[in-house]
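The structure appears right after this line, and notes come after that.
The values are calculated or read from the model by the stated rules, or taken from the named source; none is laboratory data. Keep in mind it's a predicted model, so treat the numbers as computed, not measured. Note: ideal-geometry Cβ built from the backbone for every residue, glycine included; neighbour counts use all protein chains shown. In case anyone asks, the SASA skips ligands and DNA or RNA and just uses the protein heavy atoms, side chains included. Shrake-Rupley method; radii C 1.70, N 1.55, O 1.52, S 1.80 Å.
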Amino acid sequence: MEPLQALRKIFQEAGELSSADELLHLIVARVKETTRSDVCSIYLADEERDDWVLVATEGLASTAVGKVRMPTGEGLVGHICKHQSLLSLKDGSKHPSYRYFPESGEEHFAGFLGVPVISFRKIIGVLVIQNKGTRCFSAEEEAFLITIAAQLAGPLKTVLTQEKLSALTTVETSDQIKVQGIKGASGISIGRVHYLRAFKDLSTVKDQLCEDEDAEIVAFKGALESVKLEIQAGGDKIESSVSQDVHALFGVYLMMLDNDMIVNETESRIREGLTASSALKHTIEKHAQEFDQMDDVYLRARAEDIRHLGARIYARLNAHVSAGSLSADMPEEPFILVAKSLSITEIAQFAVDNLVGIVCMEGSSLSHTAVLANALGVTAVMGIGDISRKKIDQRLAVMDGYRAQVIFNATDLMQQEYRRLIAQEKKLVRGLDKLKDLPAETTDNHRVNLYANTGLLADISPGLERGAEGVGLYRSEIPFMLHDTFPTEDEQTKIYGEVLKAYAPRSVYMRTLDIGGDKALPYFGFTEENPYLGWRGIRFTLDNGSIFLTQIRALLRANVGIENMKIMLPMVSRIEEVDAFRSLLDEAIAQLKEEGFKVLRPSVGIMIEVPSAMMILEHLAKRVDFISIGSNDLTQYLLAVDRNNPKVSSLYNFLNPAVIYSIHRIVRIAHQYRLKVSLCGEMGTDPAAVLLLLGMGIDTLSMSAFNLPKIKWVIRTFSLKRAESLLTKVLALESEESIREVLEAELMQAGLGGLIRAGS
Ligand code: PEP
Ligand code: MG
């Protein structure tokens, strides 16, 4: 088999496997086969024991797995690691580093070729092939093994993070599975896993003839009614805890199900002899395809809804417990929803007191799923990759939302540890409640404003309850994401007005529509090769002038008589964008005045999220009234790290010196131009980072409401002077690790050690 073909085959087969053990065995079997060798083995580093252990082999005695251990630096494996390079030997036993392990039966093999498996510049394993008798490996064979090792670095790294090495090397494997994902929403939770299986794709249902038409029709109608009731019940259940926008989605689904055509057409197909499932497939596909053909993007998106509903009816018909299994089956103890991905409607259906966590195999930290989880105060971890239902469903899991980790089938000891952390956190929060009405002021009387980030109407009260002094970032794309068409000017005016009123006279910084990247509108789909460098934020709105003008008009109208609104522009990367916005603002003000509205010109500011904006800040500063740093995007663009890509997300760190220098520069220049600076990204929720921001003289920090008390505590514990000298010290440091170490030592010393976990 061709090497590339072999590789492709390994990855294809790997996709169907559910355990690390299976993956390792697949690799050794396929590599042995492809290289026509007699043995293929993998050794992994066991850092706890400081040695290299055989974890999988095809050819050596299987009983040697877990037993053959090479102390670091010894044996041929040790030689490969020491020299970080391939070792090709006609007869391995003649090499001075050779060590003999009787349990492996290795004495029969002479030809040896081993290559290191390197991930992020660190050797994590060694891949070895061996031959009976002597063998000189060719340059092509060596190149093949190097290629395989390079390709396997990723999966092997995942194996190492997902499963304890001891689980791979001992017979009594513990079934605890630890996975690393991407941060969705902070918090620590323990709950029983409620695994939502993806609906079966209805279009794959085979055509089958029925025996009893009447019985099939009764079954179909029963299933349809149950789905209607489920959706109704789901909607009723969450009505009080989510905003009207989210709730309205349930109405859309019900309307679709009430459509007579679906019922009549399915019935007549059953009368023609098909089973209810086959008949349903044809009806749903026909209607979905009609929507697929439409020019209008909104109507095209309805095809997905129709298929989703069809799949739900099918699931009921076949009595599957499946995604969207509803209120009737609502778990009565704390539970964690685990699914490939979750729609807002699905989360909303489960958004009850017992829902303590959300885990998505796909998805990103800025997706609407994560946004909703934050608003509901539910821990969320996204993008953990595939995990087998069999292994985790209905079993206990613990989640650490701060570190984006989930431990499925957690041992008693692990649960105990996490219960202790939850209790500690509760105690901390109770203590922090007392700070609600106190100012965020340092011990030497330097005042910082603490604002809330919001976007859902459901978010308003948590912010106010926790003492937010205003809204520092209103993510206006969220109501757009929850709607099923572009909201009208009146609808927008109403939504914005509610936020402005609730906070008046406190300031509300309304950010104009920021879609693109991973924030998509269900009714305005477009695909791009490189969405983060594409049609995002202000680029999108300026190119869609009428959508933008409608939003600006709605913002201005909502502010009439309240007058606490400021407008903030996302993703600005050039001065022309600010100038173009100013013209649109002038236009909107002129139009509204002519229509008799008493509109005022609001302050206008920009978010600094793109490195180019930081570099031309002097020019931008002359054009705006304030600056807000979007540290989430700024970090991502400065470090060229997609924070939603698990392969590189470990490199995403706002304590990177490059990020710290940049933010320091932004604050300095903004202050030179007498502009106030806020920071509204995740960085402002990390107590360690807040010490630096304080030292830089940041004016405002804006964050999700749940983080406000914690950050207020940090500010009230420190003096500006101490923060300034800490900043000077940190500016001289070279690495993220050393910076965090210094900052955390400072937090510990100040008696804020309890906050360290919550920040890291
Ligand atoms: C940011 O980029 O830091 C920010 C606050 O904007 P968002 O997270 O909505 O992209
Ligand atoms: Mg941003």
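Under the condition of being of a type in the set (Ser, Thr, Tyr), open to solvent by less than 30 Å² (accessible area, probe 1.4 Å) and in a helix (DSSP H, G or I), the residues counted in the range 518-547 number 1.
Here is a list: VAL578, VAL572. Which entry is part of a helix (DSSP H, G or I) and either of a type in the set (S, T, N, Q) or over 30 Å from MET294 (Cβ atoms) (or both)?
VAL578
Note on the range 50-111: enclosed strands (runs of 3 or more DSSP E) holding 1 or more residues that are crowded, with 17+ Cβ neighbours inside 10 Å and modelled with pLDDT under 85 are 51-58, 69-71. The residue that is farthest from ligand 2 (Cβ to nearest atom), counting only those in the range 548-582 that are open to solvent by 10 Å² or more (accessible area, probe 1.4 Å) and in contact with an Asp or Glu (Cβ under 9 Å, 6 or more places away or on another chain), is ARG557. Considering ASN653, ASN645, the condition of being in a loop (DSSP other than H, G, I, E, B), closer than 20 Å to LEU731 by Cα and in the same structural domain as LEU692 (by TED's automatic domain parsing) is satisfied by ASN653 alone. Any idea which of (1) crowded, with 22+ Cβ neighbours inside 10 Å; (2) at pLDDT below 80; (3) not polar (S, T, N, Q) is the one GLY310 doesn't satisfy? Only one criterion is unmet by GLY310, namely (2). Contact annotation: residue pairs with Cβ atoms under 6 Å, 6 or more positions apart or on different chains, pairing a residue in the range 583-612 that is away from ligand 2 (no atom under 16 Å from the Cβ) and in a strand (DSSP E or B) with a partner that is among the charged types (D, E, K, R) and open to solvent by 10 Å² or more (accessible area, probe 1.4 Å), are SER603/LYS566; SER603/ASP625; VAL604/ASP625.
Residues checked against (1) in a loop (DSSP other than H, G, I, E, B); (2) modelled with pLDDT under 80; (3) among the basic types (Lys, Arg); (4) closer than 22 Å to ASP353 by Cα:
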residue: ASP236; (1), (2), (3), (4): no, yes, no, yes
residue: ALA248; (1), (2), (3), (4): no, yes, no, yes
residue: VAL252; (1), (2), (3), (4): no, yes, no, no
residue: ILE262; (1), (2), (3), (4): no, no, no, no
residue: GLU285; (1), (2), (3), (4): no, no, no, no
residue: ALA303; (1), (2), (3), (4): no, yes, no, no
residue: TYR314; (1), (2), (3), (4): no, no, no, no
residue: GLY324; (1), (2), (3), (4): yes, yes, no, yes
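Selection of the range 484-515 for residues being within 16 Å of ligand 1 (Cβ to nearest atom) and either outside the structural domain of PHE540 (by TED's automatic domain parsing) or in contact with a Pro (Cβ under 6 Å, 6 or more places away or on another chain) (or both) yields ARG511, ASP514. For the range 461-476, the count of residues that are more than 23 Å from ALA380 (Cα to Cα) and open to solvent by 70 Å² or more (accessible area, probe 1.4 Å) is zero. If only residues of the range 672-684 that are surrounded by fewer than 17 Cβ atoms within 10 Å (Cβ to Cβ) and not in a loop (DSSP other than H, G, I, E, B) are counted, the one that is nearest to ligand 1 (Cβ to nearest atom) is LYS676.
Residues checked against (1) farther than 24 Å from ASP21 by Cβ; (2) in the same structural domain as MET568 (by TED's automatic domain parsing):
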| residue | (1), (2) |
| --- | --- |
| SER364 | yes, no |
| ASN374 | yes, no |
| LYS391 | no, no |
| ALA410 | no, no |
| GLN416 | yes, no |
| LEU438 | yes, yes |
| VAL448 | yes, yes |
| SER461 | yes, yes |
| ARG466 | yes, yes |
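The residues in the range 192-212 that are part of a loop (DSSP other than H, G, I, E, B) and free of Cβ contacts under 8 Å to residues at least 24 places away in the same chain can be counted, and the count is 2. The condition (being out of contact with any His (no Cβ under 7 Å at 6 or more places or on another chain), closer than 28 Å to ASP699 by Cα and not aromatic (Phe, Trp, Tyr)) is satisfied by just one residue among ASP514, ASP518: ASP514.
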